Every structure is written in structure tokens, then in C-alpha cells.
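Have a look at the structure below before the remarks.
The values are calculated or read from the model by the stated rules, or taken from the named source; none is laboratory data. Source: prediction; values computed, not measured. Here the Cβ is made from the backbone with ideal geometry for all residues, glycine too, and neighbour counts use every protein chain on show. Please note that ligands, DNA and RNA were not included when accessible areas were found on the heavy atoms of the full protein model with its side chains. Shrake-Rupley method; radii C 1.70, N 1.55, O 1.52, S 1.80 Å.
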Amino acid sequence: MKVLIVGSGGREHAIAASVAKSPKAEKIYCAPGNAGIQEIAECVPIGAMEFEKLTGFAKKENIDLTIIGMDDPLVGGIVDAFEAEGLRVFGPRKNAAILEGSKAFSKDLMKKYRIPTAAYENFTDPAAALGYLETKAEFPIVLKADGLALGKGVLICSTLEEAKAGVKEIMEDKKFGSAGNTMVIEEYMTGREVSVLTFVDGKTIKPMTSAQDHKRAGDGDTGLNTGGMGTFSPSPFYTEDIDAFCRKYIYQPTVDAMAAEGRPFKGVIFFGLMLTPDGPKVLEYNARFGDPEAQVVLPRMKNDIIEVMEACIDGTLDQIDLQFEDNAAVCVVLASEGYPVKYEKGIEMFGFENFQDKDGYYCFHAGTARKDGKYVTNGGRVLGITAKGSDLKQARKNAYEAAEWITFANKYMRHDIGKAIDEAE
């Protein structure tokens, strides 16, 4: 088979690495890809939002399967564009990707179908939002831009003053662009956060192994929210009882709700969960693999990823026995100093040869480029260093050792990824 992967980050590198393990994959392309992906795939200089060019390329090269990694093209309708050309593509159609594309839609869906989530209100008028905050809100409270905001359109406000500033930032100053035209005000939930990625074929849902990520830039969960500074899998807090509850009251009901709404979902649903004192509740949905969750979940998957994805497309997921290794994985993100605000690019990196022939160690490229035959930084999150181990402690030790194998001038990382592992004991 010829496979095309759409995207350019660490998630797409992890997907490409999984596809490369499949005996079915004869040739892999990635658009636009990055410096690491080009070692296992032919990178094509087409942007993820250039639907006409992408479908044209897929037809010209007789691509058998296209995998969409990123949220923007999914929400924009890339799957519909591929299907209209008679091409096989993995991911939800536009009318199903709204599950991630609009937080207001997903909250209304959960309310309608009684899927456990935080209490909330949706607002399109800043004055109405302020009025609600002044009269009915309990603090701390959460403000969310409705649309896609690179994982950064969520503000946790401890006081009324902070919340007023947040309304201005999201709805008036449009810090997150049109994503802030509608805003969700949501009760603040406490508990452990867990991420569960699932494969879905429109009616059947198969959960992958659990994961937990670290969104804040600094150690001790301080600093600004980022796209993710590291992650670990499995979560020691995601017990068999919690899994059984989620399958019955969250996972299957979500798939059934989307089908009932005439929006059958095929692809990956990412469930962001909060394990509250009142039981698990949905924080958010994503309509694709998480980044960096994919970097710890996919290396532990035993199945042929192409077989699973084809079953999702064909509606035969119930015939797949989804299996994961009985071990653990930790991913430490190497970022550019100053991320997520301001940072330099184009800095040369060294040490990639240390990963050659090292079983259970992975260097997933995110913001990288090749310049004059050298690897250089090309983004805020540069690399995802993932290592497996017999348990979480061993995986964390291995990941932090491997994080030292790569050097570059403005390298920055958190030193406490997976610290919750200690608390679980």
C-alpha cells in the first residue's frame, strides 16, 4: 500500500513510525512532514489546509490510504474533500469533527445525552458573559474559547477580576481569533486528568491504553499552558473500575450520540477526562490523536495500525482485538527556551546518532528542519524523547537519560514529567 500522512508534528512522526512497522506499507508520504519524518517517509511540500493539492497528489500517486493527523484540516472538512474524490481516508468528516471544532457543540451534546461533564453556559455576547460572572459564578471558574486555539484557548480564573480580563482577552481582544466568537463558561473541576484515545468506526469504540500529559511550561505545573511538555502511559489512576464506568457512561454514549445526531464519527476520539470526587467527567473531546499522547500510546500498541484504521473506515472495528504491551512509556518534550511565547529558530542540534538501533527509545521530531544537511530547530516544541520501560519509573528514568543524548543551544525541558507516578504508590 501507498500511505499519505497529513501533518508536520511529533504526532505525525509517531504515526509514521507505526505505519512503517506495518508489512502493508510499501511507500509512505507525509505532507508537509518534518526533518525526522523524512527518514521514513517522502515529505511533500503541501500544507495541511491545501485540500485541492492534497487530493490531487493522492490521485496522481494512487495513494491507498490517507491519515489525517491534525485538527485544523479535519474541522475544515478534509475528509469530505478526499471522499468526494473517491479516496480512502482515516479521520472524521467535517460534521463529526465539530466534536472538537466547537466546545459549545460538544457541551450541548453531553447535556442532551447525559454524558458526565462540568456544568456550563455558552455566550456569544461579552456583556452577557460578564453579567453571568458578576451574579451567578463561583470561583475558580474556567473560560474556554469555543473554536480551535492550538490547545491554548482555556483560562482558569481564580477571581472575578481575572475572569473579566479573560472575557476581554477571548471575546473582545480576540486573542484566539474567531475561536473566541463564542465562549464557554464552565465550573472548575478538581481531580486527576487522564487522556484516553479511542478508535471509532461510527458505531463501535475501542479504547487504547490511557495516558496523562503535562500542559504547563514549567516544573511543578507552573507557567503558561503549552501544547504539551511531556506525557506518560499508562495512567496509574485509570483503574479497571474507572475504565468500566467510562466505557458504559462516556465512551459508547458519545459514539451513539454522534450517530443519533446524524454525525457518525469514524477515526480517533480523544477523551480528556477529569477523575473528580463524583466520578469521571469529560473535560474535552478531540477528534484526532493527541500530541504528545500519540508518542507514548502508539509505541505500546501491538496491532498493525493500518489494519485498525481500515477497520474504522469499513465499520468492522468489532472484529479487531486491540492490544497493548504490558509495560510503560514516558515522553519528555525538548522545547526552545522561551516557548510558548518567544524563541529562536534555526539552532543546530546534535546527538541523533545515539538513538540508532536502540530498542524502546524514540526521538520524535516536532519543530525541526534540515539545513545544509544538519538538523536545526524550527519551532517551540522541537523533539519528543520517548522511552519504554517495564514500569513507569523505569520508563521515566530511560526517557530522562535519552533526553540528555540530544544537545542544542537553547534546549529547555521540564524535569518532573510523570511525577504523579510517585504519588500513585
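Can you say whether LYS175 is assigned to a strand (DSSP E or B), open to solvent by 50 Å² or more (accessible area, probe 1.4 Å) and of a type in the set (D, E, K, R), as far as the supplied structure shows?
Details: assigned to a strand (DSSP E or B): no; open to solvent by 50 Å² or more (accessible area, probe 1.4 Å): yes; of a type in the set (D, E, K, R): yes.
So LYS175 fails the test.
Please name all residue pairs, on different chains or six or more residues apart, with Cβ atoms under 8 Å, provided the first residue is in the range 386-405 and is closer than 12 Å to CYS331 by Cα and the second residue is assigned to a helix (DSSP H, G or I) and open to solvent by 40 Å² or more (accessible area, probe 1.4 Å).
From the range 386-405, the pairs are ALA387/GLU401; GLY389/ARG396; GLY389/LYS397; ALA402/ASN354.
Quick one: how many residues across the range 60-80 are crowded, with 19+ Cβ neighbours inside 10 Å and either among the polar types (S, T, N, Q) or in a helix (DSSP H, G or I) (or both)? Quick ask: steps written out before the conclusion?
Of all residues in the range 60-80, those crowded, with 19+ Cβ neighbours inside 10 Å come to 63, 65-71, 73-75, 78-79.
When the remaining residues are screened for being either among the polar types (S, T, N, Q) or in a helix (DSSP H, G or I) (or both), the result is 66, 71, 73-75, 78-79.
Of the residues in the range 60-80, 7 are crowded, with 19+ Cβ neighbours inside 10 Å and either among the polar types (S, T, N, Q) or in a helix (DSSP H, G or I) (or both).
Would a scan of the range 116-139 turn up a residue that is touching a Cys at 6+ places or on another chain (Cβ under 6 Å) and either over 30 Å from LYS248 (Cβ atoms) or among the basic types (Lys, Arg) (or both)? Step through it out loud before you land on a result.
Just the residues of the range 116-139 that are touching a Cys at 6+ places or on another chain (Cβ under 6 Å), to begin with: none.
Checked the range 116-139: no residue is touching a Cys at 6+ places or on another chain (Cβ under 6 Å) and either over 30 Å from LYS248 (Cβ atoms) or among the basic types (Lys, Arg) (or both).
So is VAL297 aliphatic (A, V, I, L, M), within 24 Å of LYS215 (Cα to Cα) and in a helix (DSSP H, G or I) or not?
Answer is yes for this residue.
Among GLY223, GLY267, which is surrounded by fewer than 24 Cβ atoms within 10 Å (Cβ to Cβ), within 21 Å of the chain's Cα centre (by Cα) and assigned to a strand (DSSP E or B)? Can you show your working first?
Values: GLY267 fails: surrounded by fewer than 24 Cβ atoms within 10 Å (Cβ to Cβ).
The match here is GLY223.
Pick from the range 150-162 the residues that are touching a Pro at 6+ places or on another chain (Cβ under 9 Å) and not in a loop (DSSP other than H, G, I, E, B): which of them is farthest from GLY101 (Cα to Cα)?
That would be GLU162.
Looking only at the range 227-234, decide whether some residue is within 22 Å of ILE68 (Cα to Cα), at pLDDT below 95, buried (at least 21 other Cβ atoms within 10 Å of the Cβ) and of a type outside the set (Asp, Glu).
yes
Exactly one of (1) farther than 30 Å from ALA119 by Cα; (2) touching a residue at least 12 places away in the same chain (Cβ under 8 Å); (3) part of a loop (DSSP other than H, G, I, E, B) is unmet by LYS342. Its number?
Just one mismatch for LYS342, condition (2).
Does the range 99-114 hold any residues that are assigned to a loop (DSSP other than H, G, I, E, B) and surrounded by fewer than 20 Cβ atoms within 10 Å (Cβ to Cβ), and which are they? Before the answer, list the steps.
Narrowing the range 99-114 to residues assigned to a loop (DSSP other than H, G, I, E, B): 102, 113-114.
If the condition is that a residue be assigned to a loop (DSSP other than H, G, I, E, B) and surrounded by fewer than 20 Cβ atoms within 10 Å (Cβ to Cβ), then TYR113, ARG114 are the ones that fit.
Just to check your reading of the model, which residue among ALA96, ALA118 is farther than 30 Å from GLU310 by Cα, out of contact with any Leu (no Cβ under 6 Å at 6 or more places or on another chain) and open to solvent by less than 50 Å² (accessible area, probe 1.4 Å)? Working first, answer last.
Details: ALA96 fails: farther than 30 Å from GLU310 by Cα.
Result: ALA118 is the single residue among ALA96, ALA118 that is farther than 30 Å from GLU310 by Cα, out of contact with any Leu (no Cβ under 6 Å at 6 or more places or on another chain) and open to solvent by less than 50 Å² (accessible area, probe 1.4 Å).
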